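The values are calculated or read from the model by the stated rules, or taken from the named source; none is laboratory data. Keep in mind the model is a prediction, meaning the values are calculated, not measured. FYI the Cβ positions are ideal-geometry reconstructions off the backbone, even for glycines, and counts take in every protein chain you see.
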Amino acid sequence: MPDSSGKLPASKHLRLGHLHLTCMENHQKNQDYVHYNHTDPCQYARWTARESYQFMYARPWQLVNHFYLHVVQGSLSLPALFGSKILYDQNDTDIPALSDETKLESAASEDRFGRWARTTFKIVISYHGGSFDGWQKQPGLKTVQSIVEESLGEFVDEKKAQLLKDKGLPVEGCAVVAGRTDKGVTGLGQVCSFYTWRKDVKPREIEDAINHAAPGKLRVLSVSEVSRIFHPNFSAKWRRYLYIFPLTDGEYGDHSSENGSCENVEYDDIHDSKGNGCKSEKKSYVFCVRKVNQLLQQLEGKLLSYKMFARDTKASRNEGPPTECFVFHARAMEARLPATVHAEETRLMCVELVANRFLRKMVRVLVATSIREAAAGAEDDALLKLMEATCRRATAPPAPPDGLCLVDVGYAEFNPQKCFIQKQ
């Protein structure tokens, strides 16, 4: 009720304001996502964001999750997807533990102070994305960083440990990572570093401490002492990601073509694609892996701005514009998920991407957009044309995180001969 002055009490204003905000939020949730109006030509009308999202997520992702878990545990390896019996070497052999210059630094470390007197360790770890809430430490969530840093707490020097205790903080180490992964994304060769002023810490002790923290879900591949100037992120020259996309989906009735390279979903929608630059109003839900490969190969060897393929991008400390990336390798091919006790052999599309850096959700958007463009019958340079778009709605919503894994991080020059998918 209004008071004598005819005004509502402050509490009433707060409640009405809260109600207004709630109504606005509900209205925004109920709004349809506006489809971007493409102008470049294609054979069929492109999927809307909603259709792309549904196509990507209506897959047996539990099979991919199960495979990644076995890889982390060491019972399977990535080459198994491509019919190879050779185990992929995930050790950091391309990173010298201590160079000649570093050895000189180590010999004189007793006379140095500050950061020059500390010992730096490089830790290569493998973890199952479906078992954690991403890499970055967050309150109340089970993240890889929180488990790793808690395990490193016993190797912190006494001075730092006492400082943390005085502040009422848990005694934890600080792990600097090569690149943060989102919730659901697996890391098979993630690299992080840890330094301490203690001189009695052995690499095997660090390995054992982390391995005991989350057995079966988090595993250390190697621990080595490295130069004090080593930084997992800024010292890296390239990163490699692999995306596994299931090609079979019982719900939509998938059928493969004779050559086994096409994804065929038995339904077509007719939509008004006026002004959409398409030759047909029919939307195709069939795409060829070969076409996806052709689209992706156009990105190789080019320094481009991937801002249209990124989400929530912020400025970076790296040199050059914050959205520019150089892609060394971008390929797609059909593979087979090995048969397990839970499922039969499954057809897959594997996308392998190697670049000097990746923007947030860039790989997942690239995969989803490549599939959409392949289904639409777009020209081979469709991804390059999308670079010039002015709205991120021009690209598809990110593909599910379940299919993505960070394979490894390189600190030597990129060698294309080590890639899984070679020139076909």
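State whether the residues of the stretch 134-146 include one that is at pLDDT below 95 and aliphatic (A, V, I, L, M). The answer is yes, given that some residue of the stretch 134-146 is at pLDDT below 95 and aliphatic (A, V, I, L, M).
Evaluating Gln136 against the criteria (1) assigned to a loop (DSSP other than H, G, I, E, B); (2) out of contact with any helix residue (DSSP H, G or I) (no Cβ under 7 Å at 6 or more places or on another chain) leaves one unmet condition, (2). Of all the numbered requirements in (1) modelled with pLDDT of 95 or more; (2) over 23 Å from the mean Cα position of the chain (by Cα), Glu345 misses one, and that requirement is (1).
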